[in-house]
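A.B. asks: So that we are looking at the same thing, I have put the structure below in structure tokens.
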Amino acid sequence: MKTIIELGCGDGVLINRLSKMYKNYLLVGIELSNEKFQNSVNLVAAKNVKLINDSFENIVPKLENNSIDKFLAILPDPKYIDLRNQNSWKNFYVKVFEKLEKNGVLIIITEITNELLNPVSQEQYNSEINKIEHIFRSIGFKTVHVSHNYPSIYSTNLLKKFSKDPDRIKIVFYKFLK
Ligand SMILES: C[S@@+](CC[C@H](N)C(=O)[O-])C[C@H]1O[C@@H](n2cnc3c(N)ncnc32)[C@H](O)[C@@H]1O
């Protein structure tokens with residue numbers, strides 16, 4: 001069965017939406033916070049969704065290699081995307097790469113902010129999005145798409161909230177391919 005995994009599915013809004021669009025897929029949402037996991041459980045009723053209350057760092061390595069169609073990371077915790085911590089998170093995405101099937105997709109939507117929460121300049125934005133892309137390419141991912149706008153199917157409540165302050169919270173959408 002084709003499988004999509006959401007890393008850090010939060011309140012479950014996205015996986016709930018996707019479960020209705022991808023009826024023939026298995027959708028797996030992994031969420032560490034007990035409270036958010038419970039919110040997802042309360043929201044999602046579809047049979048093709050499996051919700052797991054654990055760290056994706058525990059779950060992903062146990063998956064079969066070359067078996068997953070798509071991973072989604074929508075607004076990952078900075079621990080898993082912040083450039084200053086790249087040595088601690090890069091290996092996790094190496095695992096994600098191994099688990100994806102050939103031509104499998106990794107979607108990442110993340111925010112670029114200024115340390116002092118000042119407006120983010122175009123230079124800072126371009127520099128950071130290029131550095132992040134470079135890290136994923138060094139793992140082996142091919143870039144399909146990088147843009148400021150993200151497809152509306154991936155929107156979450158938090159993403160909508162962040163999008164209300166576009167000067168200080170700039171969004172970047174990446175689509176990578178194995
Ligand atoms: C910024 S929130 C984004 C949530 C959701 N994707 C959204 O857009 O609303 C990051 C989420 O990742 C979860 N998280 C952080 N580290 C995790 C881990 N190691 N394993 C699973 N979930 C994790 C957090 O509990 C939180 O719900």
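A.B. asks: Pull up the range 9-21, narrow it to residues that are more than 7 Å from the ligand (Cβ to nearest atom) and among the small types (Gly, Ala, Ser), then point me to the one that is surrounded by the fewest Cβ atoms within 10 Å (Cβ to Cβ).
C.D. replies: Among residues in the range 9-21 that are more than 7 Å from the ligand (Cβ to nearest atom) and among the small types (Gly, Ala, Ser), the one surrounded by the fewest Cβ atoms within 10 Å (Cβ to Cβ) is Ser19.
A.B. asks: Under the condition of being of a type in the set (Asp, Glu) and farther than 20 Å from Leu7 by Cα, which residue from the range 95-145 is nearest to the chain's Cα centre (by Cα)?
C.D. replies: Glu128
A.B. asks: Please go through (1) crowded, with 22+ Cβ neighbours inside 10 Å; (2) farther than 20 Å from Ile109 by Cα; (3) of a type in the set (D, E, K, R) for Glu6 and return the number of the only condition it doesn't satisfy.
C.D. replies: It fails just one condition, (2).
A.B. asks: Would you check which residues across the range 22-49 are within 16 Å of the ligand (Cβ to nearest atom), within 17 Å of Lys2 (Cα to Cα) and out of contact with any helix residue (DSSP H, G or I) (no Cβ under 7 Å at 6 or more places or on another chain) and list them?
C.D. replies: Residue satisfying the conditions is Val28 alone.
A.B. asks: State yes or no: is Ile5 closer than 20 Å to Lys90 by Cα, within 14 Å of the chain's Cα centre (by Cα) and more than 8 Å from the ligand (Cβ to nearest atom)?
C.D. replies: Considered against the rule, which asks whether it is closer than 20 Å to Lys90 by Cα, within 14 Å of the chain's Cα centre (by Cα) and more than 8 Å from the ligand (Cβ to nearest atom), Ile5 comes out as yes.
A.B. asks: Does Asn48 satisfy the criteria of being in contact (Cβ under 8 Å) with a residue 12 or more places away in the chain, surrounded by 15 or more Cβ atoms within 10 Å (Cβ to Cβ), over 17 Å from the mean Cα position of the chain (by Cα) and more than 20 Å from Leu158 (Cα to Cα)?
C.D. replies: Taking the combined requirement at face value, the residue satisfies it.
A.B. asks: Now, a different point. Which condition number in (1) modelled with pLDDT of 95 or more; (2) more than 30 Å from Asn126 (Cβ to Cβ) is the one that Ile74 fails?
C.D. replies: If we test Ile74 against (1) modelled with pLDDT of 95 or more; (2) more than 30 Å from Asn126 (Cβ to Cβ), just (2) comes out false.
A.B. asks: Pick from the range 50-89 the residues that are within 24 Å of Thr113 (Cβ to Cβ) and of a type in the set (Lys, Arg): which of them is nearest to the ligand (Cβ to nearest atom)?
C.D. replies: Looking at residues that are within 24 Å of Thr113 (Cβ to Cβ) and of a type in the set (Lys, Arg), I get Lys79.
A.B. asks: Please work out which one of (1) more than 11 Å from the ligand (Cβ to nearest atom); (2) crowded, with 19+ Cβ neighbours inside 10 Å; (3) of a type outside the set (Ser, Thr, Tyr) is the condition Leu116 fails and give its number.
C.D. replies: (2)
A.B. asks: Give the range 95-124 a look and list any residue that's charged (D, E, K, R) and in contact (Cβ under 8 Å) with a residue 12 or more places away in the chain, or say none.
C.D. replies: Correct list: Lys95, Glu98, Lys99, Glu101, Lys102, Glu111.
The values are calculated or read from the model by the stated rules, or taken from the named source; none is laboratory data. Predicted model only: the values in this text are computed from it and were never measured. No Cβ is skipped: glycine too gets one built from the backbone with ideal geometry, and neighbour counts run over all protein chains shown.
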